[in-house]
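Step one of this worksheet: look at the structure below.
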Amino acid sequence: MTKPAIKTFLIEQCNNCGSEEFLQIADSNDFEYETCCNNFKHVQCQNCGLIFLYNRPDLSTLPIIYPKQYRPYQFKKVLNPTVSKIRDLVQKNKINTLKKYAKDNSFIIDVGCGSGTLLNLIKKYGYKSWALGGVDISEDSIDLLHLNGIKGYLGRFESMHWTAPMPDIIIMNQVIEHLDDPYAVTQKAFELLKPGGHFIIETPSVDGLDAKWFKNRYWGGWHTPRHWTLYSEKTLSYLLKKIGFGIEEISYLLSPTFWLQSLHHYTKEELNSKRIAILFDNKFLPSVFFATIFDLTLKIIYKKTSNLRIVARKPL
């Protein structure tokens, strides 16, 4: 059964620099969840280089493009148990980055925390003196945080009236690419952070080899139509510096899922074979294993992946 088209609108200016000069570089569909039949266009700002979705879904369509079976809502249920354990180990490793920047009694908040997976790991493996909080628009997510003894803040971060203490660290883990106004959210983070505080962002990067090879249509990082703004090291640094942050650290993390998704989308459409495409599902352990080894090898050689992390600091 063919899915209907959803309501969209056109983006008139770059969220980074305000330019109105764009060039289309790709088009794609919702290959993962098939929530709609729209063909989406990805454009690049001719001034600062930012890449973004040009015909963006209307906010009223969010319940459609983020269906109940959306995997980030239920990682523990849909992932192979071994893959789930590996994912937790990767997430746990992020706590080592926190320990470089967080002091005793630091207040750390996770913006777009979802079900609180990362916050629960921080609570378990981080310093006991840390105070933790999560921000999300989902009441269910906030309820889960409270059940686990973590303070939750319900609402859109950029428009929240913040009455809690100023945080020492703000985490935004695979969130900024989904937002309708990343500039406003980043500005809010700058305003709320204590002087000398750190902003840790992890987001897909268009600098990875999979992004370059599959860019025209099938790159998994497009995550069409849910990723609205895609950054490179250059364009994310541009945004952070423009708002007033200094850049402390830039690193790249493994991203085997994007290789699998890219191959899934390619085989699904070009070979017209869902049977072959299913071999590149992240529930299929052999494919996850080989994609991880492949991405690790490329990271050693090429130095970059499609998963970028930048640690920025608010001046004293």
Subject >> Rounded to 10°, Cα long-axis angle of helix 285-302 versus longest principal axis of the chain >> reply: 70 degrees
**OP:** Would you mind pulling out the separation of the Cα centroids of region 1-52 and region 182-208, in Å?
**Re:** 23 Å
Original post:
Once the other residues with Cβ under 14 Å from the Cβ of Ile6 are scored (Lys, Arg +1; Asp, Glu -1), what is the net sum?
Top reply: +1
**OP:** Would you mind computing Rg(Cα) / (2.2 N^0.38 Å) for region 225-316, counting N as its residues?
**Re:** 1.38
Original post:
So which residue, out of Tyr302, Tyr238, Tyr252, gets the largest mean-square fluctuation from a GNM of the chain using Cα contacts under 10 Å as springs?
Top reply: Tyr302
Subject >> Centre separation in Å (Cα based) which lies between region 122-150 and region 223-242 >> reply: 26 Å
**OP:** Let me know the charge dipole size of the chain about its Cα centre in debye, to the nearest 20, where only the beta-carbon of Lys, Arg (+1) and Asp, Glu (-1) is charged.
**Re:** 1000 debye
Original post:
With every protein chain present, what is the per residue accessible area of the chain (1.4 Å probe, Å²)?
Top reply: 49 Å²
**OP:** Quick one: which residues, 5 or more positions from Tyr153 or on another chain, have an amide H under 5 Å from its amide H? H modelled 1.01 Å from N in the peptide plane, none for Pro or chain starts.
**Re:** Gly134, Val135, Asp136
Original post:
In the chain, what cysteines have no partner Cβ closer than 4.7 Å?
Top reply: Cys36, Cys37, Cys113
Original post:
If you add up the charges near Tyr101, with Lys and Arg at +1 and Asp and Glu at -1, over every other residue whose beta carbon is less than 13 angstrom from its beta carbon, what do you get?
Top reply: +4
**OP:** Can you send over the carbon and sulfur percentage of the accessible area for region 100-153, probe radius 1.4 Å, protein chains only?
**Re:** 51 percent
**OP:** Compare Ile108, Ile176, Ile95 in a GNM of the chain, Cα atoms joined below 10 Å, and give the one with the largest fluctuation.
**Re:** Ile95
Subject >> Of all accessible heavy-atom area on region 219-301, the percent that carbon and sulfur account for (1.4 Å) >> reply: 64 percent
Original post:
When all protein chains stay in place, what accessible area (Å², nearest 10, 1.4 Å probe) is found for Tyr183?
Top reply: 50 Å²
Original post:
Among residues other than Phe199 whose Cβ falls under 9 Å from its Cβ, what is the net charge (Lys/Arg +1, Asp/Glu -1)?
Top reply: +2
Subject >> Whole-percent pair-distance distribution, where bins are 5 Å wide, for the alpha carbons of region 175-279 >> reply: 2, 11, 19, 20, 16, 12, 8, 5, 4, 2, 0
Original post:
At 222 nm, what helix-only mean residue ellipticity would the chain give, in deg cm²/dmol to the nearest 500, using -39500 (n - 2.57) for each DSSP H run of four or more?
Top reply: -10500 deg cm²/dmol
Subject >> Highest-MSF residue in the chain out of Thr61, Thr257, Thr229 [GNM, Cα springs under 10 Å] >> reply: Thr61
Original post:
If you plug each phi of region 138-149 into the Karplus form 6.51 cos²θ - 1.76 cosθ + 1.60 with θ = phi - 60°, what whole-Hz ³J(HN,Hα) values come out, in order, with x for Gly and Pro?
Top reply: 9, 4, 4, 5, 5, 4, 5, 4, 4, 5, 9, x
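The values are calculated or read from the model by the stated rules, or taken from the named source; none is laboratory data. Only a predicted model underlies this, so the values are computations on that prediction, with no experimental measurement involved. In this analysis, Cβ positions are derived from the backbone assuming ideal geometry, glycine residues included, and neighbour counts consider all displayed protein chains. Only protein heavy atoms, including side chains, enter the accessible area calculation; ligands, DNA and RNA are left aside. Shrake-Rupley method; radii C 1.70, N 1.55, O 1.52, S 1.80 Å.
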